[in-house]
Amino acid sequence: MSEKRTLKIIPTADGSTSIFWEELNETYHSLHGATQESRHVYIEAGLEYLLSKKQHINILEVGLGTGLNVLLSLEFALKNPDVSIQLTSLEPLPLPQEVLDNLDFAGTFSPPFSTKLPSFWQQIHTCLPDQKCYCLPNFEFRKLHQKLEDFESSEVFDLIYYDAFAPSKQPEMWELDNLQKIGRLTVSDGILVTYSSSGKFRKNLTLAGFSIEKLKGPVGKKEMVRGYKLASQTS
Ligand SMILES: C[S@@+](CC[C@H](N)C(=O)[O-])C[C@H]1O[C@@H](n2cnc3c(N)ncnc32)[C@H](O)[C@@H]1O
């Protein structure tokens with residue numbers, strides 16, 4: 001990945017903003033709508049899917065970035081007070097404050113969550129790395145300024161938000177080594193959700209001990225992937 005980072009705030013089609021990393025020639029979200037993409041892939045195919053199966057959901061996010069997936073998970077927790085959520089987000093390249101200050105997701109959330117959004121935003125971005133932030137009685141958040149490759153954990157996770165840059169821009173994130181690590185970090189009935197459905201990634205995820213389901217993608221994308229960690233395989 002490029003060492004230099006020139007970051008520009010860009011509008012997306014649903015009214016939310018995203019970021020364009022000039023040297024990488026890559027956006028943080030879909031131009032068809034940052035919030036609609038994240039809600040479809042991580043909340044609807046991930047959290048909502050697990051709702052009927054688990055009351056305590058331990059999530060690992062690969063790539064905190066703007067914090068949009070955390071906001072959407074908080075929105076879900078507010079609507080589902082009987083579910084308790086712990087979310088750990090990894091981010092080796094935190095965004096500069098001036099970029100965070102100019103992002104805007106407000107128009108894509110409705111009340112009552114939208115009125116609480118500024119305070120949640122503040123909590124996500126001001127909490128210190130590796131410290132637990134109790135954003136809601138049923139929601140615990142922790143961010144780590146670490147790469148997946150360096151992350152060591154005795155905890156295992158029920159749900160993985162795999163939100164790295166695209167395989168064409170950051171191929172190592174979709175290679176077998178990293179996916180085997182994810183396999184070791186996922187409980188045996190746990191799931192991984194991601195926007196990518198590249199063939200090589202699906203093959204590697206299978207080798208890492210997951211079965212694959214291709215789901216309808218968010219607006220502008222044909223497919224996405226949900227992987228199920230198989231009990232019988234060790235990786
Ligand atoms: C496509 S962006 C998604 C960000 C975020 N989920 C959001 O909604 O804004 C990918 C993110 O992964 C982060 N990243 C890059 N390399 C990583 C690594 N090795 N481990 C974990 N995260 C990484 C990037 O810095 C970036 O913030």
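For this structure, a couple of remarks:
- Options LYS214, LYS229; residue that is exposed (fewer than 15 other Cβ atoms within 10 Å of the Cβ) and of a type outside the set (A, V, I, L, M, F, W, C): LYS214
- Qualifying positions in the range 28-60 - of a type in the set (Phe, Trp, Tyr) and within 12 Å of the ligand (Cβ to nearest atom): TYR28, TYR42
- Residue count for the range 68-95, restricted to those that are within 10 Å of the ligand (Cβ to nearest atom) and in contact with a strand residue (DSSP E or B) (Cβ under 8 Å, 6 or more places away or on another chain): 6
- Scanning the range 40-55 for residues that are in contact (Cβ under 8 Å) with a residue 60 or more places away in the chain and either surrounded by fewer than 19 Cβ atoms within 10 Å (Cβ to Cβ) or closer than 17 Å to LYS79 by Cα (or both) yields a count of 9.
- Residue within the range 104-124 that is within 15 Å of the ligand (Cβ to nearest atom), farther than 23 Å from ILE191 by Cα and of a type in the set (Asp, Glu) present: yes
- Count of the range 210-235 residues which are modelled with pLDDT of 95 or more, of a type in the set (Gly, Ala, Ser) and more than 16 Å from LEU159 (Cβ to Cβ): 1
- In the range 141-157, the condition of being farther than 30 Å from LEU207 by Cβ and small (Gly, Ala, Ser) is met by no residue.
- Restricting attention to the range 176-192, the residues that are surrounded by 22 or more Cβ atoms within 10 Å (Cβ to Cβ) and within 12 Å of the ligand (Cβ to nearest atom) total 1.
- Given (1) within 10 Å of the ligand (Cβ to nearest atom); (2) surrounded by fewer than 23 Cβ atoms within 10 Å (Cβ to Cβ); (3) closer than 26 Å to THR126 by Cβ, index of the condition MET1 fails: (3)
- The C-beta contact set for the range 123-137 (first residue closer than 15 Å to SER73 by Cβ, second residue surrounded by 16 or more Cβ atoms within 10 Å (Cβ to Cβ) and of a type in the set (Gly, Ala, Ser), distance under 6 angstrom, 6+ apart or interchain) comprises ILE124/GLY67; LEU136/ALA77.
The values are calculated or read from the model by the stated rules, or taken from the named source; none is laboratory data. Remember, it's a predicted structure, so these values are computed and weren't measured experimentally. Backbone-built Cβ (ideal geometry, glycine too); neighbour counts: all protein chains shown.
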